[in-house]
Amino acid sequence: MRSHATLSKLVVGLIGALGIISVASAADVAKPELTGKQLAYDRSMGNCLACHAMPTQTDAESPGTIGPPLIAMKARYPDKAKLRAQIWNSLDTNPNTAMPPFGKNKILTEAEIDRVTDFIYGL
Amino acid sequence: MKKTLLALVATSLTLGAVVANATPEQDRKDLVKLYTSKYPDIKLNQYVYGALAFDKDSMAQYTSIMDFPPFGEAIEQGQKMWETPFKNGKTYASCFPNSGKNVAGNYPYFDDKANKVVTFEQAINECRVANGEEAYKEGDAATMGKVTAFGRTLSDGMKMNIKVKGAAAEAAYDAGKHHFYARRGQFGFSCASCHVDNAGNRIRSEVLSPAIGQATHWPVFRGGDNLVTLQTRYVGCNRLVRAEPFKVGSAEYNNLEYFHSYISNGLPMHASVFRK
């Protein structure tokens, strides 16, 4: 088993990592307001296409294959709040997920998450 | 706060196929089993090609580029550096058994006396210093990069042969394994999120390589001419997830390289290759 020393080093590392988050927080930078779709496509914002195909969007180019295709979302998420929660903190439903916790780690602001959710809900 | 952080640590430890208190050999075997059962058509030796093993077109491009590598000149310069005597008349060959042939696959090793992991790059620097020369910067492409780009070719075909013996070596290996499985950065990815759980998947248009095989062929020449050392690649991957990278040559990365190289044990080395 691992020693406490390594564990606490790891915790320090994580605190360090969390420290960066506030510095790089999307909320700190004033940007022209992007639409939900723009946020979902933009490589430095949501970059959902890195991992998800969006089969109903003809301009969703070279998507990744890490996550499931985002399609028929209304049918699969009758409760829109559940969809938002998945995007806000994907680790709640699956602690081993590869999907980044966009809200929890402040990769996107609350308002941006709302707009992305609206866009994804319509897929 | 402390509690949530500890919980985070705890979940990161359970990630992937590797269990917390397994032996290195068990770790390696578990990973081999995971990949080969997921991708039965890809033979174990092909893992040295990384992402290329998953994509016929990229593999074809690689093969034709490797016939006439655009980085041939850099390797020749490395050879000249390797063969040019130091001021005292000795050469790098004098610092290694067998004049440096078929040795690179033994690196990194754990030096019990110094109580730390020693990489091939550090052995080169130890050789320089012992012979009255100044140490190179470990991540520097023009010096250390070129000399290792040639020096490692002397071990082409050697099978990776990393040893982890004794409590101190195991602790270093475990620290490296921690780094590999711990989530970090704003995106909260671990190395394993991309190179274990999603090896073979695409992130946008880029195929993700499996972790085994990744340590066998360094440095790489990205785009044909941009020399990248293994630890500089660690910096790049840390940055991808908006994590603060560590210093090339730091104990953190040396331990990571120790774990990361061990899991390629048994795979043939082939130094200085093309990558996209």
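Readers should treat all values here as calculations from the given coordinates under stated rules, not as data from a laboratory. Computed from a predicted model, the values in this text were never measured in an experiment. Backbone-built Cβ (ideal geometry, glycine too); neighbour counts: all protein chains shown.
Computed from Cα positions, the angle between helix B:230-240 and the longest principal axis of chain B comes to roughly 40 degrees.
Rounded to whole numbers, the Karplus 3J(HN,Hα) couplings from phi for the range A:50-60 are 4, 10, 10, 6, 10, x, 7, 9, 5, 9, 7 Hz, using 6.51 cos²θ - 1.76 cosθ + 1.60 with θ = phi - 60°, and x at Gly and Pro. In a simple Cβ point-charge model (Lys, Arg +1; Asp, Glu -1; nothing else charged), the range B:72-155 has a dipole of about 160 debye relative to its Cα centre.
Compute the signed sum of charges (Lys and Arg +1, Asp and Glu -1) over the other residues within less than 15 Å, Cβ to Cβ, of residue A:94.
+1
The Cα trace of the range B:72-155 gives Rg and Dmax of 12.2, 39 Å, the first to one decimal, the second as a whole number. Which of the residue pairs A:104/B:247; B:33/B:80; B:29/B:116; B:29/B:56 have a Cα-Cα distance greater than 30 Å in the structure shown? Long pairs (Cα-Cα over 30 Å): B:33/B:80. Relative to the longest principal axis of the Cα atoms of chain B, helix B:72-83 runs at roughly 60 degrees.
Maximal additional length on extending the residue B:205-residue B:99 stretch stands at 33.9 nm, based on 0.36 nm per residue less the C-alpha distance. Compared with the dominant principal axis of the Cα atoms in chain B, helix B:56-67 is inclined by about 10°. Here's how it looks for residue B:184: its modeled amide H is under 5 Å from those of B:189, B:190, which are all 5 or more places away or on a different chain.
Diffusion of the protein assembly as shown by Stokes-Einstein, at 25 °C in a medium of 0.890 mPa s and with Rh set to the Kirkwood radius over alpha-carbon pairs, works out to 109 µm²/s.
Per-residue ellipticity at 222 nm computed for chain B from its helices equals -12500 deg cm²/dmol, with DSSP H segments shorter than 4 residues left out and the rest contributing -39,500 (n - 2.57).
Across all directions, the shadow cast by the convex hull of chain B built on its C-alpha atoms averages 14.9 square nanometres.
With each label modelled as a point 7 angstrom along the Cα→C-beta vector, the residue B:168-residue B:38 pair spans 3.6 nm. Along the range B:267-276 the Karplus relation, 6.51 cos²θ - 1.76 cosθ + 1.60 evaluated at θ = phi - 60°, assigns HN-Hα couplings of 8, x, 7, 8, 7, 6, 10, 7, 9, 4 Hz to successive residues, with x for each Gly and Pro. Taking amide hydrogens as placed 1.01 Å from N in the peptide plane, the amide H of residue B:135 sits under 5 Å from that of no residue at least 5 positions away in sequence or on another chain.
Coupling constants for the range B:112-122 follow from the phi torsions by the Karplus curve (6.51 cos²θ - 1.76 cosθ + 1.60, θ = phi - 60°), and in residue order they are 5, 5, 7, 6, 7, 6, 10, 8, 4, 4, 5 Hz; glycine and proline get x.
For a 4.7 Å threshold on C-beta separation, the list of partnerless cysteines in the protein assembly as shown reads A:48, A:51, B:191, B:194, B:237.
For residue B:146, give me every one of the aspartates and glutamates with a C-alpha distance below 18 angstrom, ignoring sequence neighbours fewer than eight places off in its own chain. Correct list for residue B:146: B:73, B:76, B:83, B:121, B:126, B:133, B:134, B:138, B:156, B:225.
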